[in-house]
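S.K.: Structure incoming, see below.
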Amino acid sequence: MFSFTLTLDPKGRTPMYDQLYAAVAAAIREGALRHGEKLPSKRELCARLGVSRATVETAYELLLAEGYVESRPRSGYYVEDYLSTPTAGTCNACPVCEANNPPAGDLCPIPDPKERTSDACPYTEEEESGPSGTPSPSLLSTSAVDVSLFPYASWAKLYKEVVYNSPTLLQRGDPRGEAVLREALARLLSEYRGVRCNPEQIVVGSGMETLIGQLITLFGPEAVYAMEDPGYPAMERTLRARGRDLRYVPMDDSGMEAEALESSGATVAYLTPSHQFPLGITMPASRRSRLLGWAAAGERWILEDDYDSEFRYGGRPISSMQGMDRHGRVIYAGTFSRSLAPAIRLAYMVLPAPLLERWQTLYGRQQPTVSRYEQTVMARFLTEGYYGRYIRRVGKRYADRRAALLAALGEIPGLSVSGADGGIHFLVSLPRLSEAELLRRAAEAGLPLRGLSEFCHRVAPLASTLIFGYGGLPTEQVAEAAARLKAAWGEEN
């Protein structure tokens, strides 16, 4: 039974609302608070803990947004259906506590990136921007990103220092990746995504396709893959090229449907839970727990592609599924192609022990697939604060662009937007025109888009719905683009 007589630290670096949120969320994950239990009222909890109403309200709002609790009108907050995965000998307060092994009951919540100040850069606050170049002809492509803020001079400075001062990098390296980079990645993933790993579990590769190819080999030819429907086409192409067995599993408002997955016969589920492509869904904790239970019960695997997790506008990101996993069934994968630039072909994955052993057997004698120099530059880019600073700057630009777009598109009669809480794409729907007509008119206006039906396999797409990427759309062109679309999609046409 969970006790609400907590001691919150008002002088700690973590806000008290975050301390309260972390304790209650962990109690739900570990089963100390069970499905259907009612939480204390806000007034009652304020009195118990001696904190402000704002502290309790914020904590409850986070729990509600992340799917840990539900709000019943005129009744209060109740624990959602969450399949707990207890682990003996660990504390009941934090998904990353095992790495630090604090005493049971200690509060060690994942730091909120907005509260962190440790990645301040030694250089000036206004980073130099690179050349703007020529805008891409496909301004609304979901693959485009804004590279105008990329710190070219700082990257070049680091590269020059690494090349001149590290002649040993010309020798063969660790096939898993440079130790300094894997250590930097382990810290980054633990702090920002709640990933529980050590550097030995991390494998670095030249893009997600390289790592996915390795994973497919590790799983063996008998593996059956569950794909989100609609879902990410590159993964499907890679699997089909290898002749693998695919099962398309439909999505609902919480992500991949659990019952459909359980009856699919799949042994590997490919998921993009942070900001699903293309629907933009953030999978709530209750659904994550059920899918983790599916994986643990049958010794199956979940491949968590943490797509677009760096950019979040509505609420805060939920901890990674890997951070919630207590049975070692999740492979966590990520890349810098979205957060920095597509040309930086550097991706990584975190392997559970059994898969790491297989990887060492099959790939442990190969050459690294990413230049040792580039890996070392990236390690310094992470550890010396450049990356955190850049993400803050470009994230603010995306947030401002998103806000301007939503306001401008809101002037188009009948248009609605969904999936806009994170990443750099969302869906737009306009029921009075067909998808084909919307696409035709947008293309004629010089703004080609892609229809949702393109990414659907066994399910019917949402009617009259297009995918709107805004990473490559210059902010100064937002108003013009919206005006052109308004003219193209206007009722008079």
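S.K.: Which condition from (1) more than 26 Å from the chain's Cα centre (by Cα); (2) loosely packed, with under 14 Cβ neighbours inside 10 Å; (3) under 27 Å from Met256 (Cβ atoms) is the one that Gly446 breaks?
M.R.: (3)
S.K.: Looking at the stretch 392-411, can you tell me whether even one residue there is touching a Cys at 6+ places or on another chain (Cβ under 9 Å) and buried (at least 20 other Cβ atoms within 10 Å of the Cβ)?
M.R.: Checked the stretch 392-411: no residue is touching a Cys at 6+ places or on another chain (Cβ under 9 Å) and buried (at least 20 other Cβ atoms within 10 Å of the Cβ).
S.K.: Let me confirm something: among Gly328, Gly298, Gly293, which residue is small (Gly, Ala, Ser), surrounded by fewer than 22 Cβ atoms within 10 Å (Cβ to Cβ), more than 14 Å from the chain's Cα centre (by Cα) and on the phi > 0 side of the Ramachandran plot?
M.R.: It is Gly328.
S.K.: Can I ask one more? Touching a residue at least 40 places away in the same chain (Cβ under 8 Å), among the aliphatic types (A, V, I, L, M) and not assigned by TED's automatic domain parsing to the domain that holds Glu70: does that describe Met324? Can you show your working first?
M.R.: On the way: touching a residue at least 40 places away in the same chain (Cβ under 8 Å): yes; among the aliphatic types (A, V, I, L, M): yes; not assigned by TED's automatic domain parsing to the domain that holds Glu70: yes.
When the stated conditions are applied, Met324 passes them.
S.K.: Spot the failing condition for Val204; the list is (1) within 12 Å of Glu374 (Cα to Cα); (2) surrounded by 16 or more Cβ atoms within 10 Å (Cβ to Cβ); (3) modelled with pLDDT under 95; (4) among the aliphatic types (A, V, I, L, M), and only one is missed.
M.R.: Result: Val204 passes all but (3).
S.K.: Filter the stretch 301-325 down to residues that are more than 24 Å from Arg389 (Cβ to Cβ) and assigned to a loop (DSSP other than H, G, I, E, B) and give me whichever is nearest to the chain's Cα centre (by Cα).
M.R.: Here the residue is Ile318.
S.K.: State all residues of the stretch 420-432 that are out of contact with any strand residue (DSSP E or B) (no Cβ under 7 Å at 6 or more places or on another chain) and closer than 17 Å to Leu140 by Cβ; if no residue qualifies, say none.
M.R.: Within the stretch 420-432, Gly423, Leu430 meet the criteria.
S.K.: What pairs come out if I take residues in the stretch 203-217 that are assigned by TED's automatic domain parsing to the domain that holds Leu181 and pair them with residues that are charged (D, E, K, R) and part of a helix (DSSP H, G or I) whose C-beta lies under 9 Å away, six or more apart or interchain?
M.R.: Correct list of pairs: Val203/Arg182; Val204/Arg182; Thr217/Arg358.
S.K.: Suppose we keep only residues that are in a helix (DSSP H, G or I) and among the β-branched types (Val, Ile, Thr) within the stretch 14-68. Which one would you say is farthest from Leu292 (Cα to Cα)? Steps first, please.
M.R.: Step one: filter the stretch 14-68 for residues in a helix (DSSP H, G or I), giving 16-30, 42-49, 53-65.
Checking the rest, the ones that are also among the β-branched types (Val, Ile, Thr) come to 24, 28, 55-56, 58.
Working: Val24: 20, Ile28: 15, Thr55: 31, Val56: 29, Thr58: 27 Å.
Among those residues, the one meeting the criterion is Thr55.
S.K.: Select, from Glu492, Glu476, the only residue that is surrounded by fewer than 21 Cβ atoms within 10 Å (Cβ to Cβ), in a helix (DSSP H, G or I), of a type in the set (D, E, K, R) and at pLDDT below 90.
M.R.: Result: Glu476 is the single residue among Glu492, Glu476 that is surrounded by fewer than 21 Cβ atoms within 10 Å (Cβ to Cβ), in a helix (DSSP H, G or I), of a type in the set (D, E, K, R) and at pLDDT below 90.
S.K.: Could I ask something else about it? Of the residues Thr168, Thr117, only one is among the hydroxyl-bearing types (Ser, Thr, Tyr) and at pLDDT below 90; which?
M.R.: It is Thr117.
S.K.: On to the next question. Could you please find all residues in the stretch 331-355 being small (Gly, Ala, Ser), surrounded by fewer than 17 Cβ atoms within 10 Å (Cβ to Cβ) and under 30 Å from Ala27 (Cα atoms)?
M.R.: Filtering the stretch 331-355 for residues small (Gly, Ala, Ser) gives 333-334, 337, 339, 341, 343, 347, 353.
Cutting the leftovers down to surrounded by fewer than 17 Cβ atoms within 10 Å (Cβ to Cβ) gives us 341, 343, 353.
Answer for the stretch 331-355, where residues must be small (Gly, Ala, Ser), surrounded by fewer than 17 Cβ atoms within 10 Å (Cβ to Cβ) and under 30 Å from Ala27 (Cα atoms): just Ala353.
S.K.: Taking the condition among the basic types (Lys, Arg) and touching a residue at least 24 places away in the same chain (Cβ under 8 Å), does Arg176 pass?
M.R.: In short, yes.
S.K.: Under 8 Å by Cβ, and 6 or more places apart or on different chains, what pairs join a residue from the stretch 398-422 that is touching a residue at least 24 places away in the same chain (Cβ under 8 Å) and more than 17 Å from Lys486 (Cα to Cα) with one that is part of a helix (DSSP H, G or I) and aliphatic (A, V, I, L, M)?
M.R.: Arg401/Val478; Ala420/Leu406
S.K.: Restricting the search to the stretch 236-265, which residues are outside any helix (DSSP H, G or I), of a type outside the set (Asp, Glu) and over 20 Å from Phe219 (Cβ atoms)?
M.R.: Those that are outside any helix (DSSP H, G or I), of a type outside the set (Asp, Glu) and over 20 Å from Phe219 (Cβ atoms): Pro250, Met251, Ser254, Gly255, Ser263.
S.K.: Consider Gly314 against the criteria (1) of a type outside the set (A, V, I, L, M, F, W, C); (2) touching a Cys at 6+ places or on another chain (Cβ under 9 Å); (3) surrounded by fewer than 23 Cβ atoms within 10 Å (Cβ to Cβ): it satisfies all of them except one. Which criterion is unmet?
M.R.: Answer for Gly314: the failing condition is (2).
S.K.: Do we find that Ser263 is of a type in the set (Ser, Thr, Tyr), more than 19 Å from Ile331 (Cα to Cα), surrounded by fewer than 21 Cβ atoms within 10 Å (Cβ to Cβ) and more than 18 Å from the chain's Cα centre (by Cα) in this structure? I'd like the intermediate steps shown before the answer.
M.R.: On the way: of a type in the set (Ser, Thr, Tyr): yes; more than 19 Å from Ile331 (Cα to Cα): yes; surrounded by fewer than 21 Cβ atoms within 10 Å (Cβ to Cβ): yes; more than 18 Å from the chain's Cα centre (by Cα): yes.
Judged against the criteria, Ser263 is a match.
S.K.: Would you say Thr210 is farther than 20 Å from Leu261 by Cβ, touching a Leu at 6+ places or on another chain (Cβ under 8 Å) and either outside any loop (DSSP other than H, G, I, E, B) or of a type in the set (Phe, Trp, Tyr) (or both)?
M.R.: Here the answer is no, as Thr210 does not meet what is asked.
S.K.: Something else now. Please specify each residue of the stretch 356-375 satisfying the condition of being of a type in the set (Val, Ile, Thr) and either in contact with a helix residue (DSSP H, G or I) (Cβ under 6 Å, 6 or more places away or on another chain) or buried (at least 19 other Cβ atoms within 10 Å of the Cβ) (or both).
M.R.: Matches in the stretch 356-375: Thr369, Val370.
S.K.: If the Cβ limit is 8 Å and pairs must be 6+ apart or interchain, which residue in the stretch 36-58 that is at positive phi pairs with which residue that is of a type in the set (A, V, I, L, M)?
M.R.: Listed by first residue and then by second, the contacts come to Gly36/Val79.
The values are calculated or read from the model by the stated rules, or taken from the named source; none is laboratory data. All values reported here derive from a predicted model rather than from experimental measurement. Counting neighbours? That spans all protein chains shown, and the Cβs are built from the backbone with ideal geometry, glycine included.
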